[in-house]
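Take a look at the structure below.
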Amino acid sequence: MKTVVVIGSINMDLVTFCERAPEGGETLLGKTFMQIPGGKGANQAVAIGKMMTPVSMLGKIGHEGMGVTLLNSMKNDGVDVSNIEYSDNTTGIAQITVEEDGQNRILVVPGANYSVDNQYIDKHIEVIKNCDILVAQLEIPLQTVKYSFKKAKEFGKITILNPAPAQKLDAEIISNSDYIIPNETELEILSSMPITDEKSVIAAANVLLDSGVKGLIVTLGKKGAMFITKDYIKSFSAYRVDAIDTTAAGDSFIGGFCSGLGAGLTLEESIERGTKVAAISVTRIGAQTSIPTLEEVLNFKGE
């Protein structure tokens, strides 16, 4: 069994459920409010932990009660949290509005997540040295992700980048990423190419492949996913489910995929696992609370 390290964000999600999101200047009444553990990094680590794959989290939280709650939640879901540190900044939060059709709108305040710097990485460099796979997103400083991936490649590790929230990346971070997992919007920003159909997805992916990444796994929502390398393209269908909340669907996919690699599955089998984890997650409310266990994934048949 391979070990995975996730470096990234740890947030408390402040979730409001409503019929629809208000327009500018408009006030509406929501239906329900919940505080749910989240953050792209923590979500992915929890998804890996729930799949019974050894995973450690690198990140920072604030000293207030939310930070402690998040720490305990990850630990209960099988994540090694021994290297998470406290920051003088407040714990990161995400304000999430979930509409009746399951669509969500998210506003993130990074807080302690932006205290995850190169010095912190150096302090915990042995964790990266001892892992097999390093996973990161972009809710911590880009320079920290760039530095972490450079170190990971020096140690011969597999690196997986989820480029979210989307932003332009330089050639170095792309070339140090073995696999990049964007959605359509993120791929469009990374490649500076419009995404309108499958052909344009492949063309945009080739821009990044020319920059040195080994392969891309493009998540396409209800249309599934595509795995693209220089000499191989394969499409994966999404499972048909009744979605009620798409929060953390992408994180669930990535966690499932990484757990598959950690468990020794092939790339295709790992993508299939990720697809199942994501399908189950959208039928439930919240981020980490929606992520299924390994047993649930193995028993999932879907359509």
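Candidates in segment 259-303 are the residues that are of a type in the set (K, R) and in a loop (DSSP other than H, G, I, E, B); of these, the one that is farthest from T247 (Cα to Cα) is K301. Counting only strands (runs of 3 or more DSSP E) that sit wholly inside segment 2-66, not one has at least 3 residues that are surrounded by fewer than 24 Cβ atoms within 10 Å (Cβ to Cβ) and at pLDDT 95 or above.
Do you know which of the residues in segment 3-61 that are of a type in the set (D, E) and touching a residue at least 60 places away in the same chain (Cβ under 8 Å) is farthest from E139 (Cα to Cα)?
Kept after step one, since they are of a type in the set (D, E), are these residues of segment 3-61: 13, 19, 23, 26.
Of the ones still in play, those that are also touching a residue at least 60 places away in the same chain (Cβ under 8 Å) are 13, 19.
Details: D13: 14, E19: 28 Å.
This residue is E19.
Selection over segment 154-181 of residues that are among the charged types (D, E, K, R) and either touching a residue at least 60 places away in the same chain (Cβ under 8 Å) or over 17 Å from V6 (Cβ atoms) (or both) gives a count of 4. What number of residues within segment 125-138 are surrounded by fewer than 19 Cβ atoms within 10 Å (Cβ to Cβ) and touching a residue at least 24 places away in the same chain (Cβ under 8 Å)? Of the residues in that region, 4 qualify. Taking segment 100-137 as the range and being polar (S, T, N, Q) and either within 21 Å of V46 (Cβ to Cβ) or modelled with pLDDT of 95 or more (or both) as the test, the residues that pass are N104, N113, S115, N118, Q119, N130, Q137.
The number of residues in segment 7-23 being acidic (D, E) and touching a strand residue (DSSP E or B) at 6+ places or on another chain (Cβ under 7 Å) comes to 1.
The values are calculated or read from the model by the stated rules, or taken from the named source; none is laboratory data. Worth saying up front: this structure is predicted, and the values here are computed from it rather than measured. All Cβ positions, glycine included, derive from the backbone under ideal geometry; neighbour counts span all protein chains shown.
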